[in-house]
Every structure is written in C-alpha cells, then in structure tokens.
1. Determine if region 48-56 includes at least one residue that is assigned to a helix (DSSP H, G or I), touching a helix residue (DSSP H, G or I) at 6+ places or on another chain (Cβ under 7 Å) and on the phi < 0 side of the Ramachandran plot.
2. Against the conditions (1) more than 17 Å from residue 297 (Cβ to Cβ); (2) touching a helix residue (DSSP H, G or I) at 6+ places or on another chain (Cβ under 9 Å), where does residue 219 fall short? Just the number, please.
3. Among 153, 111, which is the only one that is more than 20 Å from residue 78 (Cβ to Cβ), modelled with pLDDT of 90 or more and crowded, with 18+ Cβ neighbours inside 10 Å?
4. Considering (1) over 16 Å from the mean Cα position of the chain (by Cα); (2) surrounded by fewer than 20 Cβ atoms within 10 Å (Cβ to Cβ); (3) touching a residue at least 12 places away in the same chain (Cβ under 8 Å); (4) closer than 19 Å to residue 18 by Cα, say which one residue 101 fails and leave the rest.
5. When the residues of region 294-314 are narrowed to those that are touching a helix residue (DSSP H, G or I) at 6+ places or on another chain (Cβ under 9 Å) and in a loop (DSSP other than H, G, I, E, B), which ends up surrounded by the most Cβ atoms within 10 Å (Cβ to Cβ)?
6. Name every residue in region 12-44 that is under 32 Å from the mean Cα position of the chain (by Cα) and within 20 Å of residue 81 (Cα to Cα), in order of residue number.
7. Using the structure shown, decide if residue 82 is more than 27 Å from residue 124 (Cα to Cα) and either without any contact (Cβ under 8 Å) to a residue 24 or more places away in the chain or surrounded by 13 or more Cβ atoms within 10 Å (Cβ to Cβ) (or both).
8. Scan (1) in contact with a helix residue (DSSP H, G or I) (Cβ under 7 Å, 6 or more places away or on another chain); (2) at pLDDT 95 or above for the single condition residue 16 breaks and write down its number.
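The values are calculated or read from the model by the stated rules, or taken from the named source; none is laboratory data. Please read these numbers as outputs of a predicted model, since none were measured by experiment. Cβ sites come from the backbone with ideal geometry, for glycine too, and all protein chains shown count toward neighbours.
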C-alpha cells in the first residue's frame, strides 16, 4: 500500500509541485489530475508514514517527501521509480528465489536484469540516474581513504569513471583505468576528457569476468553485491597474474551483521532485493572474509561501507 502510494507521488510529480511554502490541496489537484477530495485521502495516508505534512495553509514537505523531488540534491525519485516498476513486479517471486535460488526478475522477464536494461534504453536511463545518486555517496567513502601508498588504480565496473576521476583529481600522483562494458565507452571517454585528470585516466572496454588490467590497487564500488558467490569469485580471481604480491583491493560495499538482526537494517532488506532482482547478495563480515579468502585475497579491513584486502602471497 505504501509502495503504490509513493508511486502515485512519482507518477504525478506531486513532490515537485510542493516547494518551500505550503500549497493548498486544491492547487495540487489540477496538475496531478487527482480531484482534491481524493488527493486528501492519499495525503492523509502518506502523512502517517512521514511522507508530506500539512498546515492550515496547505501541504508541506517532510524530510522524506523532499527526497522525492527530482531536483533534490540526493533525489531518491529515480531509485523509487525503478523499484516501483521492475522491483515491485519481481518481488512476488521471492519464495521461488529463496527455495531454489536465482533471480525472480530473470524468471519473470526471461533475461537477466542488465541484459534487459540493454534492450530498454528509457528504463536504462532511469536506472543510470538512480546509480548516479548512490555514486555520490560512494565517492565520499573513496575520497576519505588514504591513497598515498597507491600509484596505479583500476576501477572494476567503474561505469563512466566519475568515482575514479574524483579520486585522481584529489590525488595527483595517481594514474587510473576504468574497466567496464563497451556500451558505456563513449560516455566514459567524454567524461574523462572533461576532467582535470584526463591525462592520467584511460578507459578499457571488456568484461570483468575475463580479465582486468594490471595495477597495484583495484576498486570495485557496489559491484560484487550484484552477483552470487560463484560469480563474485570469478570477478575476484580475474586479477591478472602480473599484479604484484600485495596488490590491494578496495571494495565499497555493505557489511551486514552476522546472524539474525534485531532491529531495522536497510542492508538486510537490500540483501533480499538483490536476490530477487539479480541473484546477488549483501554479505556479513564472516561472509566477506570467506569470499575473499576463497578467491586468493586476504582481508585486512572489513567495516560497513569499506572492505579492503591484499593479494595472498604467491
């Protein structure tokens, strides 16, 4: 009920119609196409979960509803839109994913989600907008890290290079390579060309399941949670033989509590969502350490938001 009600907010642009000043319900009725009497019913329900509030003068934003504005600094509108469509439709397949494994989305649509996005450019555009919001948060984690010991960085699944470029711009001694699929190459090269670090950054098209360029430091920001343990191990083992002993891996990932949680945990719900959508998963500290060890890495730091490991001695 809450999900579909928020969907109405997005589809009608209701959050964008409410600004810093109260707006009478009657003034929202025309632009949304919802009669005022019906809109009151929607807003009354949404207020109980912290979405919008009201004063005698009209409707006002709450901290939550403001995030549904398209122009919000960290707008959640793209995220909500993709989950309301593909995610909401796939979640009835949760039981099947729990019992036999595999992505409910793939069973429903007949193709893996990323392949489906490649065939649906409008949906892919919304997905990329959503990922860009999260990218700004992940970038802060990377920029807060000490890069003094690194010299050459490869961003595995680095998209258009925004995160790596930010790291290179903040650390002039670094050079870097973005590794991602060829279909993002044109946008990535344009992004790199416009950066102050353009002369220290390159793009390489290819699959991270096959090989990755040689470097002393590898970054993978919210990549491995897209994949099950078998697939994630393939990615982690793709580090080339030329990588020196002591090469470092920097993962920006959620780290779950071990065992069964006792309070609200966004990561625990995201874990189920990754199962339903991609047959992926979030992982606990124990699970991260085991995954890395099985792929030839020795975990050194496992904290929520950041996991670091070095190659095991060969």
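1. Within region 48-56, the subset assigned to a helix (DSSP H, G or I) is none.
No, because not a single residue in region 48-56 is assigned to a helix (DSSP H, G or I), touching a helix residue (DSSP H, G or I) at 6+ places or on another chain (Cβ under 7 Å) and on the phi < 0 side of the Ramachandran plot.
2. (1)
3. Values: 111 fails: crowded, with 18+ Cβ neighbours inside 10 Å.
Selected residue: 153, the only one of 153, 111 that is more than 20 Å from residue 78 (Cβ to Cβ), modelled with pLDDT of 90 or more and crowded, with 18+ Cβ neighbours inside 10 Å.
4. For residue 101, the exception is condition (4).
5. Just the residues of region 294-314 that are touching a helix residue (DSSP H, G or I) at 6+ places or on another chain (Cβ under 9 Å), to begin with: 294-299, 302-307, 309, 312.
Subsequent filtering for residues that are in a loop (DSSP other than H, G, I, E, B) retains 295-296, 304-305, 312.
Details: 295: 20, 296: 15, 304: 12, 305: 14, 312: 13.
Result: 295.
6. 12, 13, 14, 15, 16, 17, 18, 31, 32, 42, 43
7. Working: more than 27 Å from residue 124 (Cα to Cα): no; either without any contact (Cβ under 8 Å) to a residue 24 or more places away in the chain or surrounded by 13 or more Cβ atoms within 10 Å (Cβ to Cβ) (or both): yes.
Taking the combined requirement at face value, the residue does not satisfy it.
8. (1)
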